[in-house]
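Notes follow once the structure below has been shown.
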Amino acid sequence: MKDVKERGNQSVVTEFIFLGFSNHPELQGLFFLIFLVVYLVTLLGNLLILTAIRINPVLHTPMYYFLSNLSFLDMCYTSTTVPIMLVNFFREKKTISYEGCLSQIFFLVTFSGSECVLLAAMAYDRFIAICYPLHYPVLMSKRVCAYLAGGFWLCGLVNSLTHTGLMVTLTLCGPNQISHFLCDIPLLLKLSCSDTSANEVALYVSSATIGLSPCLFTAVSYMLIISAILKIQSAQGRKKVFSTCASHLTVVVIYYGTGNFNYDQPSSGYSLDVDILVSVLFCIVTPMLNPIIYSLRNKEVKVALRKLYEGYILPSDSSVQISS
């Protein structure tokens, strides 16, 4: 397939070339090894969280129901970009088709948008649990949790369909080089030779509704949570209550911190290496950190993982010893 094809008097892009990591060709093998390990750790960590929640009845609560959704989202999100990036490390020409690029945008926007709203739903869950504990069984019933889950998945899907649909209407007439290792809406808008005003308006609207609003909701929720915790007389009681939301708060800070840095960089003054590093932190490292944070800071998750290890690993070890 050629990079461009003629349409009238214009050359229309049919294939894109990624320039990410092109500044260091001698490190391609090292990059491949690092990202392969990170990807496998991400999949294994989130899969362990999902399995532990699934088989342990103690974790069949709204908090861990949302955590299982977060783990699934992180696995999907990182799988949208990392596999093709790993393959491209062995290619002299790191390419992706036009259809493949749009598909990557669709799934990236779906999963990232859903995760933004999911983190807000998790903050709401902690707010109800700490500030209104007596009403928690009613306000966070299975039906409410199902509605919230359907809501954040629907928000991500509608947002993604809107942006992808608008991208299809654009004419991309070159150059066909993307200074990144993935396809993203702002990057493709720079390659368009048609009117992008509708796309830019959609970006602003989605930034406010899918990005800023959940972030503000989460911040307000934690302000109220912290206020309620400070009213607890016992220091041990305050520590115990805060521990129930410490993992989620850590994940929120990392997610929005790296996300804002990734999308709010100035248009000039940043090298390609810095831009790639920031995107790696947001798109690849953060999904790996989430299960680690919940494993280290959450006592119930640690107990569930220990039971999972003892139930599936130790018996096989014991049988080997007996048979020998």
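The values are calculated or read from the model by the stated rules, or taken from the named source; none is laboratory data. Predicted model, so just to flag it, every value in this text is computed and none were measured. Ideal geometry is used to build each Cβ from the backbone, glycine not excepted, and the neighbour counts take in all protein chains shown. Only protein heavy atoms, including side chains, enter the accessible area calculation; ligands, DNA and RNA are left aside. Shrake-Rupley method; radii C 1.70, N 1.55, O 1.52, S 1.80 Å.
Rolling a 1.4 angstrom probe over the protein chains, ignoring ligands and nucleic acids, what is the accessible area of residue 310 in square angstrom, nearest 10?
For residue 310, solvent-accessible area is about 90 Å².
Under the definition of Cα pairs under 8 Å and six or more residues apart, what whole-number percent is the relative contact order of the chain?
Across the chain, relative contact order equals 26 percent.
Tell me, for the chain, which Cys residues have no other cysteine's C-beta sitting closer than 4.7 Å.
76, 116, 131, 145, 155, 215, 245, 283
Counting heavy atoms of the protein chains only and a 1.4 Å probe, report the per residue accessible area for the chain as a whole number of Å².
Result: 52 Å² per residue.
What ranking, highest mean first, results for peptides 73-84, 202-213, 151-162, 26-37 when packing means the other Cβ atoms within 10 Å averaged over each residue?
In descending order of packing, they fall as 73-84, 151-162, 202-213, 26-37.
For the chain, take the longest principal axis of its alpha carbons; what is the angle in degrees between that and the long axis of helix 62-88, to the nearest 10 within 0 to 90?
Tilt relative to the chain: about 30 degrees.
Using each residue's phi in the range 21-36, evaluate 6.51 cos²θ - 1.76 cosθ + 1.60 at θ = phi - 60° and report the 3J(HN,Hα) Karplus result to the nearest Hz, with x for Gly and Pro.
Those phi angles translate into 6, 6, 6, 9, x, 6, 9, 4, x, 5, 4, 4, 5, 5, 6, 5 Hz.
What ranking of 50, 44 comes out by heavy-atom accessible area, probe 1.4 Å, highest first?
44, 50
In the range 39-172, how does Rg compare with the Kirkwood Rh, expressed as the Rg/Rh ratio over alpha carbon atoms?
1.08
Given a 1.4 Å probe and every protein chain left where it sits, what share in percent of the accessible area of the range 133-278 is carbon and sulfur?
Accessible surface attributable to carbon and sulfur in the range 133-278 totals 68 percent.
Quick one: how many lysine pairs in the chain have C-alpha atoms under 15 angstrom apart, if they're 8 or more apart or on different chains?
Close lysine pairs found across the chain: 7.
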